[in-house]
Amino acid sequence: MTHAIFFRFIALLLILLTPLASAQMVTMNFKDMDIKILADTVAEVTGKTFVIDPRVKGEITIISATPMESKQIYEVFLSVLSVHGFAAVPSGNVVKILPDSLVKAENTPVLADGEQRRSAEIVTQVIKIHQVSAAQLIPLLRPLVPQQGHLVAYPDNNTLIISDTADNVARMEKIIQRIDKVSEEQIEVIVLEHATAAEVARILNTLEQKTSNAATGTGNNPATTHSSIVADERTNSILISGDKTTRLKLRTIISNLDTPLKATGDTQVIYLRYARAKNLADVLKGISDTIAKQGVAGQPPLAAPPTTTQDSVKTTIQADESTNSLIITAEPNALKNLQSVISRLDVRRAQVLVEAVIAEISVDTAKKLGVQWALFSENGVSPVGVSNFPNSGIGIVDVASTAYQLRNNGSATLPSEGLNGATLGLGRFGQAGLNFGVLLQALSADTNSNVLSTPSLLTLDNQEAEIHVGQNVPFVTGQYTNTGSANTSTSPFQTIQREDVGIKLKVTPQINEGNAIQLQIEQEVSSLTRSTVATADVVTNKRTIKTSVMVEDGKMVVLGGLISDDLQQVTQKVPVLGDIPVLGMLFRSESVQKVKRNLMIFLHPVIVRDDASSTQMSQSKYGYMRAKQLEQQTSTSPLLSPKDVPVLPNLNDFLISLPERKQR
């Protein structure tokens with residue numbers, strides 16, 4: 001032993017033995033210490049006798065800030081040996097320290113039923129198998145035993161012999177107890193204690209798929225028997241089906257996965273797949289205190305915290321929006337329950353495709369027929385007798401005044417307002433004797449419109465969505481003109497307000513239990529009018545619906561509609577003369593306007609629950625639009641080449657598969 005090692009050994013002995021003399025606990029905190037010196041120190045503290053194999057060499061580091069008793073020190077010593085590939089084997093009054101590869105040949109303790117040993121101590125356990133074949137379990141359990149361990153079956157009495165560390169032997173015994181059951185049914189229900197059912201089912205399904213693909217890729221046929229794995233999140237259980245051998249294999253894997261997690265610290269980062277980290281963090285903060293005290297539904301309440309002088313870990317939840325993840329700091333039990341809540345909230349939300357059909361058919365028919373008379377004085381334009389009807393449009397007095405100016409001045413302007421339809425004038429103006437004028441006006445107008453709009457939009461469950469297709473139309477709200485003076489300039493201006501005109505659809509779907517969908521709907525259809533009536537500004541037609549409806553998935557519902565038939569008939573006539581049969585038509589004016597309108601709004605919601613349905617729906621819409629463009633291409637104008645008409649690319653050529661993306 002060198003002088004440096006000697007003095008280090010003396011210093012360690014002083015550190016360890018002085019607290020022991022006072023019946024106090026010891027703190028082990030060593031760096032790059034020879035393993036043999038550590039064995040000497042532990043032997044002094046625990047009173048055990050060690051026999052060290054010459055092949056046991058190395059330097060160790062132990063960092064601890066917690067005082068420990070002699071039993072705890074021995075546990076730490078066994079863990080150090082296991083980490084460095086050595087093992088301690090009790091043999092009478094001594095403990096042999098050997099490389100773990102030589103432990104199989106040593107006389108390790110054989111545990112009786114129910115007996116337990118220290119976690120890192122090498123022991124041997126004989127386990128009786130009751131329901132399944134022990135030899136059948138060997139290929140299933142062998143991957144769970146380290147290379148230096150020992151696992152063998154004895155077929156005569158259907159037992160397993162396991163030689164390994166005490167903690168791994170205890171773990172193997174629990175797994176065997178869970179799979180050694182009578183199973184004649186084709187479907188088994190396995191209740192999990194530690195793992196999450198959804199996560200275990202995902203792992204098993206992925207493993208089964210990869211195994212099947214590997215068998216197919218090598219030219220071998222996959223197993224003729226198939227298994228099904230389903231997770232029941234409500235009871236945290238796994239449902240498996242298949243033949244007996246397949247179920248036994250699945251039970252073994254599930255038992256191995258359903259083990260407590262090793263302590264990895266009080267802080268964990270959880271990456272979310274579907275939910276938004278910021279929103280979920282607000283929910284978890286509100287229930288973290290309740291989870292820590294009472295547990296989560298479907299799991300046992302948390303045990304009372306042990307009495308300790310150290311403060312418990314405060315639960316903190318932070319959201320990292322850049323990676324959509326949660327950073328949670330909490331005690332192990334509280335952290336486990338928070339993870340359970342997250343797994344149930346971080347699920348794929350269903351979507352709803354809402355397709356609206358707006359159909360409107362309107363017919364606007366207007367007819368006018370009127371005769372106006374005027375008698376004028378000799379050499380004058382002032383009438384002495386007039387039959388003027390406002391509903392006919394332009395008046396007879398305006399026409400006569402224009403004719404008089406044209407005769408005397410050689411030029412005149414006829415008012416354009418009211419010149420609708422056919423207008424026929426006849427008269428005698430500025431002549432000696434009686435002057436007269438007669439004006440005949442006839443109008444027939446038919447306006448037919450057929451409007452069909454089919455807006456559609458896709459949105460998440462309980463998420464508001466809106467689509468607007470239209471124009472932003474300016475409306476004059478005021479105007480001002482400064483005529484100015486000799487020293488000022490003219491500065492006219494107008495004030496304009498813009499309004500959206502078109503189709504608006506705002507919807508908020510809520511998927512209830514089953515396939516019922518509750519919809520909050522706001523629908524608006526507005527358009528510029530094509531009315532022949534003279535107005536001071538633009539006139540718009542507007543139809544709105546605001547309602548809540550309940551619709552089954554894939555069904556169609558009518559939101560509302562309007563069926564109107566408006567008939568307006570106006571007759572203006574000269575009393576008595578206008579009532580004369582046949583001749584009375586020369587002394588009256590008639591106008592008739594008939595408006596028929598049929599408006600219906602339909603809604604067709606479809607639930608999109610998975611990616612396959614979403615892809616199929618998108619491809620169908622894409623194909624429909626491409627087919628319409630191809631029709632337009634074939635019926636294009638002779639002045640255009642079919643190549644000049646834009647067409648969507650073929651979907652198979654447009655989409656790039658995942659392997660090609662990775663190569664690029």
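Some values worked out for this structure:
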| item | result |
| --- | --- |
| Restricting segment 363-378 to residues that are out of contact with any Asp or Glu (no Cβ under 9 Å at 6 or more places or on another chain) and open to solvent by 20 Å² or more (accessible area, probe 1.4 Å), the residue that is nearest to LEU272 (Cα to Cα) | TRP373 |
| Every residue from segment 533-551 that is open to solvent by 60 Å² or more (accessible area, probe 1.4 Å), over 25 Å from GLN479 (Cα atoms) and either more than 35 Å from the chain's Cα centre (by Cα) or at pLDDT below 85 (or both) | LYS542 |
| HIS130 vs. criteria modelled with pLDDT of 80 or more, open to solvent by 40 Å² or more (accessible area, probe 1.4 Å) and in contact with a helix residue (DSSP H, G or I) (Cβ under 8 Å, 6 or more places away or on another chain) | no |
| Any chance VAL557 is open to solvent by less than 40 Å² (accessible area, probe 1.4 Å) and farther than 27 Å from VAL438 by Cα | yes |
| Residue that is most open to solvent (accessible area, probe 1.4 Å), among those in segment 578-596 that are assigned to a helix (DSSP H, G or I) and closer than 18 Å to LEU443 by Cβ | MET585 |
| Extreme residue, nearest to the chain's Cα centre (by Cα), among residues of segment 561-577 that are surrounded by 13 or more Cβ atoms within 10 Å (Cβ to Cβ) and not aliphatic (A, V, I, L, M) | GLY561 |
| Residue within segment 336-353 that is within 35 Å of the chain's Cα centre (by Cα), within 25 Å of ASP446 (Cα to Cα), modelled with pLDDT of 80 or more and surrounded by 19 or more Cβ atoms within 10 Å (Cβ to Cβ) present | no |
| Residue match in segment 619-633 (condition: closer than 30 Å to GLN518 by Cα and either at pLDDT below 85 or among the polar types (S, T, N, Q) (or both)) | yes |
| Residues being at pLDDT below 80 and not in a strand (DSSP E or B) - total across segment 452-499 | 12 |
| Residue match in segment 170-193 (condition: closer than 19 Å to HIS130 by Cα, of a type outside the set (Gly, Ala, Ser), in a strand (DSSP E or B) and free of Cβ contacts under 8 Å to residues at least 24 places away in the same chain) | no |
| Flag if ALA166 is more than 22 Å from ILE97 (Cβ to Cβ), among the small types (Gly, Ala, Ser) and crowded, with 20+ Cβ neighbours inside 10 Å | no |
| Selection from segment 423-433 of residues that are among the aliphatic types (A, V, I, L, M) and either at pLDDT 70 or above or touching a helix residue (DSSP H, G or I) at 6+ places or on another chain (Cβ under 8 Å) (or both) | LEU424, LEU426 |
| Qualifying residue in segment 16-23 (condition: surrounded by fewer than 17 Cβ atoms within 10 Å (Cβ to Cβ) and at pLDDT 50 or above) | no |
| So LYS278, is it modelled with pLDDT of 75 or more and either surrounded by fewer than 18 Cβ atoms within 10 Å (Cβ to Cβ) or small (Gly, Ala, Ser) (or both) | yes |
| Any pair with Cβ under 6 angstrom, 6 or more apart, that starts in segment 340-368 at a residue that is of a type in the set (Asp, Glu) and ends at one that is open to solvent by less than 20 Å² (accessible area, probe 1.4 Å) and at pLDDT below 85 | GLU360/LEU599 |
| Any hit, segment 244-257, residues being open to solvent by 40 Å² or more (accessible area, probe 1.4 Å), closer than 28 Å to GLN177 by Cα, touching a strand residue (DSSP E or B) at 6+ places or on another chain (Cβ under 9 Å) and at pLDDT 75 or above | no |
| The one condition in (1) assigned to a strand (DSSP E or B); (2) open to solvent by less than 60 Å² (accessible area, probe 1.4 Å); (3) modelled with pLDDT under 85 that GLY502 fails to fulfil | (3) |
| Test for LEU639: is it part of a strand (DSSP E or B), surrounded by fewer than 13 Cβ atoms within 10 Å (Cβ to Cβ) and at pLDDT below 80 | no |
| Hits in segment 505-518 - residues which are aliphatic (A, V, I, L, M) and either under 18 Å from the mean Cα position of the chain (by Cα) or loosely packed, with under 14 Cβ neighbours inside 10 Å (or both) | VAL507, ILE511, ILE517 |
| Residue tally, condition in contact (Cβ under 8 Å) with a residue 60 or more places away in the chain and not in a strand (DSSP E or B), over segment 369-378 | 0 |
| Lone unmet requirement of (1) over 30 Å from ASN650 (Cβ atoms); (2) over 27 Å from the mean Cα position of the chain (by Cα); (3) touching a residue at least 12 places away in the same chain (Cβ under 8 Å) for ARG626 | (1) |
| For THR323: the one exception among (1) out of contact with any helix residue (DSSP H, G or I) (no Cβ under 9 Å at 6 or more places or on another chain); (2) modelled with pLDDT of 55 or more | (1) |
| Residue among ASN157, ASN221, ASN205, ASN236 that is more than 30 Å from LYS128 (Cα to Cα) and either at pLDDT 80 or above or in contact with a strand residue (DSSP E or B) (Cβ under 7 Å, 6 or more places away or on another chain) (or both) | ASN205 |
| Subset of segment 434-451 (residues that are surrounded by 15 or more Cβ atoms within 10 Å (Cβ to Cβ), modelled with pLDDT of 75 or more and polar (S, T, N, Q)) | GLN441 |
| Set VAL42, VAL123, VAL56: member being more than 51 Å from the chain's Cα centre (by Cα) and assigned to a helix (DSSP H, G or I) | VAL42 |
| Every pair of residues 6+ apart whose Cβ atoms lie under 7 Å, when the first sits in segment 44-64 and is on the phi > 0 side of the Ramachandran plot while the second is among the β-branched types (Val, Ile, Thr) | GLY58/ILE35 |
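The values are calculated or read from the model by the stated rules, or taken from the named source; none is laboratory data. Predicted, not measured: the structure shown is a model, and the values here were computed from it. Cβ atoms come from the backbone with ideal geometry, glycine included; neighbour counts cover every protein chain shown. In case anyone asks, the SASA skips ligands and DNA or RNA and just uses the protein heavy atoms, side chains included. Shrake-Rupley method; radii C 1.70, N 1.55, O 1.52, S 1.80 Å.
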